[in-house]
Amino acid sequence: MSERPNLSVILCAPRGFCAGVDRAIQIVELALQRYGAPVYVRHEIVHNRFVVESLEARGAVFVEELDEIEEDDRPVIFSAHGIPKQVKTDAEARNFFYLDATCPLVSKVHREAEIHHRRGRDIVLIGHKGHPEVVGTMGQLPEGAVTLIETVGDVMRLEPRDPGNLAWISQTTLSVDDTRAIVEALRERFPDIVSPHKDDICYATTNRQEAVKAAASDCDAMIIVGAPNSSNSQRLREVAVSSGCTRSVLIQRARDIDVAAFAGIRTLGISAGASAPETLVEEILEAFAARFSLSIETRRIADETISFPLPRPLREPANPPAAEKALATS
Ligand code: 2E4
Ligand code: SF4
């Protein structure tokens, strides 16, 4: 029998689920437990097919818009990415019982936007066009109050009504380095622009990018576990490339990789986006262990202890079934 070649694996840490994702998934699970199926979820609760399909198997029904929901008496959950104000208004008009799984760190950006608007400032949002978080943040304010920019080039093209009365905010899952360059350009063009306390990129995004940076230059290849529509996961792959590991791929499941194609490399780095469950990382390790003799090192750059409280209805002890039903249909 031929010997399996050696392969060193660096597991980046922190990786995978963040506090906002944990909370969002828990909200769907608890809602299913308390109110029974179906529970409707507007948009993928987090951008991961494995998570979505596991919840579907237990009775969650995923829709993109509320008008796809025909029953008015079932709970509705809003995804972790946040929603425009209008969605809440529409839910209330239909008398839905809803639970908001918007990450509290996304809600914080919504509140910043409102404060700037109340103070008469025009708002520049740094983010990716069409992403649900960006749609949700822009949808906190009337049309025209927020201008989206994506690049340094966009900064140069900005033509604000009052350049002396501007504020910037951002999506939570951006590249820390790209954002820094955009903010520098903003400050250069608009010295009076009001900034967030630090920035709006969340702790989990920052830590996952730092962990990838700490490993990339020692890796011959890197695998980032995550979905193509996951902004934070896409950014991890880019950070891996720009930090020295040009052979970096974003994959959803072990079945998507040709393990044999990694023959000849000595060190493989692995990380996972904030929406990717650890079981998918384990699945990849198993696939590699079948062909290589692995030595695994975890390279941790930070400890994460943060957690967010659940929405009020789920914090209270479960009521007898009849009362829960009344709550879910009130
Ligand atoms: C909400 C905010 O935003 P992204 O595309 O990275 O979302 P994903 O579902 O992949 O990750 C969780 C999440 C949700 C991150 N920030
Ligand atoms: Fe919240 Fe950050 Fe996780 Fe997004 S990545 S859900 S903003 S903690």
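Between Leu285 and Arg180, residue separation times 0.36 nm minus the direct Cα-Cα distance comes to 34.4 nm.
Rounded to the nearest 20 debye, the dipole size of segment 1-152 about its Cα centre is 700 debye, using +1 on the Cβ of Lys and Arg and -1 on the Cβ of Asp and Glu.
Backbone amide hydrogens, once placed in the peptide plane, bring Val61 within less than 5 Å of Val39, Tyr40, Val41, excluding anything fewer than 5 places away on its chain.
For a test of the definition: using alpha carbon positions, the gyration tensor, and the 1.5 limit on a/c, classify segment 197-251 as rounded, prolate or oblate. Since a/c reaches 1.5 but b/c is at least a/b, the shape of segment 197-251 is classed as oblate. Take Ser230: with every protein chain present and a 1.4 Å probe, its accessible area is about 0 Å².
With the simple model of a label 7 Å out from the Cα in the direction of the Cβ, Arg58 to Glu316 spans 2.2 nm. Is the chain rounded, prolate or oblate when judged by the Cα gyration tensor, a ≥ b ≥ c being the square roots of its eigenvalues, rounded requiring a/c under 1.5 and prolate requiring a/b larger than b/c? Oblate is the answer for the chain, as a/c is 1.5 or above yet b/c matches or exceeds a/b. Other residues within the sphere of radius under 13 Å centred on the Cβ of Leu148, judged by their own Cβ, net out at -3 (K and R +1, D and E -1).
Summarise the accessible area of the chain (1.4 Å probe, protein heavy atoms) by the percent that is carbon and sulfur. Answer for the chain is 49 percent, counting heavy atoms of protein chains only. In the chain, the DSSP-assigned H stretches of four residues or longer account for a calculated mean residue ellipticity at 222 nm of -11500 deg cm²/dmol, using -39500 (n - 2.57) per stretch and the full residue count as denominator.
Taking a point 7 Å from the Cα of Arg299 along the Cα-to-Cβ direction, the residues of segment 241-274 with backbone N closer than 19 Å to it are 241-251, 264-274.
Each label point was placed 7 Å from the Cα along the Cα-to-Cβ direction; for Arg266 and Arg187 their separation is 4.1 nm. Counting charges near Phe190 (Lys, Arg +1; Asp, Glu -1) among other residues having Cβ under 15 Å from its Cβ returns a value of -2.
Residue-normalised convex hull volume from the C-alpha trace of segment 127-245: 113 Å³ per residue.
Here the chain is assigned +1 on the Cβ of each Lys and Arg and -1 on the Cβ of each Asp and Glu. Its dipole about the Cα centre then comes out at about 620 debye. Across segment 77-92, rounded Karplus estimates of 3J(HN,Hα) from the backbone phi angles (6.51 cos²θ - 1.76 cosθ + 1.60, θ = phi - 60°) give 10, 9, 5, 5, 7, x, 9, x, 3, 4, 5, 5, 4, 5, 5, 5 Hz, Gly and Pro being marked x. Counting other C-beta atoms within 10 Å, and keeping those with at most 15, which DSSP coil trypsin sites (Lys or Arg not before Pro) do you find in segment 106-194? Of the trypsin sites (Lys or Arg not before Pro), the ones in loops of segment 106-194 whose Cβ has at most 15 other Cβ atoms within 10 Å are Arg119, Lys129, Arg161. Put simply, the amide H of Ser248, placed in the peptide plane, has neighbours under 5 Å in Met222, leaving out anything fewer than 5 places away on its chain. Candidates His110, Val63, Tyr98 compared by Cα position along the dipole of segment 58-123: farthest toward the positive end lies His110, with charges placed on Cβ. Free of any GluC sites (Glu not before Pro) that DSSP assigns to a loop and that have at most 12 other C-beta atoms within 10 Å, the longest stretch within the chain is 144-330.
Its Cα centre serving as origin, segment 196-310 has a Cβ charge dipole (Lys and Arg +1, Asp and Glu -1) of approximately 220 debye. Accessible-area rank, largest first, for Ser217, Ser248, Ser8: Ser217, Ser8, Ser248, with all protein chains present and a 1.4 angstrom probe.
The Cα center of segment 146-195 and the Cα center of segment 65-85 differ in position by 32 Å.
For Ile301, the amide hydrogen comes within under 5 Å of the amide hydrogens of Ala13, counting only partners 5 or more places away or on other chains and with H modelled in the peptide plane.
The values are calculated or read from the model by the stated rules, or taken from the named source; none is laboratory data. Being a predicted model, the structure only gives us computed values, none of them experimental. With ideal geometry, Cβ positions are generated from the backbone for all residues, glycine too; neighbour counts draw on all protein chains shown. What goes into the accessible areas is simple: the full protein's heavy atoms, side chains included, and nothing from ligands, DNA or RNA. Shrake-Rupley method; radii C 1.70, N 1.55, O 1.52, S 1.80 Å.
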